[in-house]
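The values are calculated or read from the model by the stated rules, or taken from the named source; none is laboratory data. Just so we're clear, the structure is a prediction, and the values are computed from it rather than from any experiment. Please note: Cβ atoms are built from the backbone with ideal geometry, for glycine as well, and neighbour counts cover all protein chains shown. What goes into the accessible areas is simple: the full protein's heavy atoms, side chains included, and nothing from ligands, DNA or RNA. Shrake-Rupley method; radii C 1.70, N 1.55, O 1.52, S 1.80 Å.
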There are 2 protein chains.
Amino acid sequence: MEGKDDVWGTPRLTRQIAFLMEIDRLKTVLRRTVLTDGSRRENTAEHSWHIAMMAMTLHEYVAEPKPDLSHTIKLLLVHDIVEIDAGDTFAYDTQGYSDKEEREQAAASRIFGLLEEDQAAEYRKLWREFEEMDTREALFAAAIDRLQPMLHNYYTEGYSWKENGVRHAQALRRIGFIDGVSPVLASFIQELLQRAVDRGFLES
Amino acid sequence: MEGKDDVWGTPRLTRQIAFLMEIDRLKTVLRRTVLTDGSRRENTAEHSWHIAMMAMTLHEYVAEPKPDLSHTIKLLLVHDIVEIDAGDTFAYDTQGYSDKEEREQAAASRIFGLLEEDQAAEYRKLWREFEEMDTREALFAAAIDRLQPMLHNYYTEGYSWKENGVRHAQALRRIGFIDGVSPVLASFIQELLQRAVDRGFLES
């Protein structure tokens, strides 16, 4: 990339611009999911936008006390940036999950570390909060992050489920916690998975 | 798209899911800007994610009274959805701008109209607010939306500037209002454009 060592205004601004240009690479990280028109695999940057829109649109279904929507959106925008170094770990890839935490920890240190410490810490904290799934916002964000690829799978006749031999019981395990976040969204996704089985998109 | 006429739970949820699957198409709307690695043109969905991250990262530079960051992020996430029908209008395309408003108005009616009226109205309002550039949040959002492609151009040796014969004075006109939003960001982008001229990325 031309000019990547350029200095701008202050050291702080220079680091912010370097970070913002570095995260452009998230647009080249490919996920297993394909677009609903089946034309190509989805990248993680556009996925991040889509789940932020999903959170805005479906927030009304989350059980009381409602998670803060703005904080949820920030979690969703930031949480996948580590994939620039660590790659996307497929949801059903047990081997990939064995060292996921270590790879992502190193990625978070390097990428957020392009920023000055206060801002690096803010983004690392958002990323950790999402991963730990302890707050209401992180649970809602995680629910949306799991709904989205299942919707894409359903609307593409089970494209990545078939490609990766995913079965109904495995998908159900991924969404078990959603009932505690939103009974409405939980029963929606259960119904979607059942229809996927009935239509032959997902193996029973 | 398989299952696009499916009915889910309630009429409201059915319409929300239809909307969320429809906006997946924003991932196939291509802009003139290329990724910083030069590999391909950027699509509007991933652009929307990137500018939301830029707003988070550069919010500190906006003059007092600060715009609300969360509202700015919502404006940025929603404002380009109309491009699904209306296409991306290149910033320097005077002919394209002549009917931009009409095309985008029709797009907003159709796409946000997939939702029930309260939610359709909420998204239309965000889209209108961005377009009208009257609130502090809309001005900050617009500043970020104009900074991002200029950064991409600089870091790709002026790729789309050269391709479309854009000149320094035209770029400067696009950013005139930014000084009122953030003197720091305005002088950063002026410096960037000057260096782009000096390095031969942008015609003087």
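For the residues A:Asp179, A:Asp99, the requirement of being of a type in the set (Asp, Glu) and within 30 Å of A:Met21 (Cα to Cα) singles out A:Asp99.
Inside region B:5-17, residues that are more than 7 Å from chain A (Cβ to nearest Cβ) and open to solvent by 70 Å² or more (accessible area, probe 1.4 Å) make up a count of 4.
Of the residues making up region A:149-184, just one is within 13 Å of chain B (Cβ to nearest Cβ), part of a loop (DSSP other than H, G, I, E, B) and of a type in the set (Val, Ile, Thr), namely A:Thr156. Scanning region B:44-62 for residues that are out of contact with any Ser or Thr (no Cβ under 6 Å at 6 or more places or on another chain) and of a type in the set (A, V, I, L, M, F, W, C) turns up B:Ala45, B:Ile51, B:Ala52, B:Met53, B:Met54, B:Met56, B:Leu58.
The set of residues in region B:18-36 being more than 20 Å from A:Ser39 (Cα to Cα) and within 7 Å of chain A (Cβ to nearest Cβ) consists of B:Thr36 alone. When you scan region B:127-149, do you find a residue that is touching a Phe, Trp or Tyr at 6+ places or on another chain (Cβ under 8 Å) and under 30 Å from B:Val7 (Cβ atoms), even just one? Yes: one or more hits.
Of the residues B:Tyr155, B:Tyr159, the single one that is closer than 18 Å to B:Phe188 by Cα and hydroxyl-bearing (Ser, Thr, Tyr) is B:Tyr155.
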